[in-house]
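The values are calculated or read from the model by the stated rules, or taken from the named source; none is laboratory data. Owing to the predicted nature of the structure, the values given are computational and were not obtained by experimental measurement. Note that we place each Cβ from the backbone using ideal geometry, even for glycine, and neighbour counts take in every protein chain shown.
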Amino acid sequence: MIETPQGFIVAEECRKAAWQNGYRRALGQQDGWARFGSTTARGDIHLAAGGADGPWYLALDHVGVIAELGLPPAEMPGPGHARFAFRTLGELYGALTRVYALAVSLPDAPLQTFLDKTRTLPRTTEAERLVVQRIGQDILREALMAYWGGRCPLTGIPEPALLRASHIKPWACCETDAERLAVHNGLLLSALWDAAFDRGLVTFEDDGTPRFASGLSAEAKAALHWNAPLRLTAQHRAQLAWHRTHVFEAARHGAPKQ
């Protein structure tokens, strides 16, 4: 059972949790659920609690975020498309951090930002097209930083200067701007992993584990250490299938990258 209406402590904790995780528009309360929105993230969140000591509840409207959040839904009535339960505020905060990161990068937020910024820019000359491409790459990097939590998912390296926005299918090979700007067509890798991935010296299996080129030295493999496999969606796997064929296998046979 949730506290209805919310008492002062629950209401204040819900407000702070929403505010500190990017949802700063208070949209009212109904049946014990406080609703919050964001000017930068799509979809609203709804927060509730059983009492001042918890448990704490989160309801989400954003179907894409729900699909990628990877948490088991709670069997309970309430707003949104799914509800989730947490024993502590710390667990709720952790989930909200991930929710916001996904909401600012899914499904087409980077594309819309790109279209807004480049709508009036010319693309006649090669130099003009490179300017547009650089804007798109910067936008994708910001989205990938949010999606992957600001760190290389393989090594855990969090320093922005050492991280690269790695296209799975290169910009020039994509058929549409939507594909170029899709977070599922990108990985956030440390500089060494990015260089190896870009040159087809490494690719990834559908379970997120690396596959190294047979000619890669033992020293190089040792330098390319990793702590955990990539967390992949079906969209990632589809793009990586392209990378395995057109970059990894092409490099293995000495063909130039397309």
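Annotations for the structure displayed:
- Residue within the stretch 157-167 that is in a helix (DSSP H, G or I) and either more than 16 Å from the chain's Cα centre (by Cα) or among the hydrophobic types (A, V, I, L, M, F, W, C) (or both) present: yes
- Only one of the listed residues (Leu130, Leu181) is in the same structural domain as Gln235 (by TED's automatic domain parsing) and either without any contact (Cβ under 8 Å) to a residue 24 or more places away in the chain or within 27 Å of Thr245 (Cα to Cα) (or both). That residue is Leu181.
- Subset of the stretch 80-117 [hydroxyl-bearing (Ser, Thr, Tyr) and either closer than 21 Å to Glu13 by Cα or buried (at least 20 other Cβ atoms within 10 Å of the Cβ) (or both)]: Thr88, Tyr93, Thr97, Tyr100, Ser105
- Ile139 being out of contact with any Asp or Glu (no Cβ under 6 Å at 6 or more places or on another chain) and buried (at least 20 other Cβ atoms within 10 Å of the Cβ): yes
For every residue, the table says whether it meets (1) in contact with a strand residue (DSSP E or B) (Cβ under 6 Å, 6 or more places away or on another chain); (2) surrounded by 21 or more Cβ atoms within 10 Å (Cβ to Cβ).
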{"residue": "Ala11", "(1), (2)": "no, no"}
{"residue": "Asn21", "(1), (2)": "no, yes"}
{"residue": "Trp56", "(1), (2)": "yes, yes"}
{"residue": "Pro77", "(1), (2)": "no, no"}
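- Filtered residues of the stretch 56-98 (kept if at positive phi and under 14 Å from the mean Cα position of the chain (by Cα)): Gly70
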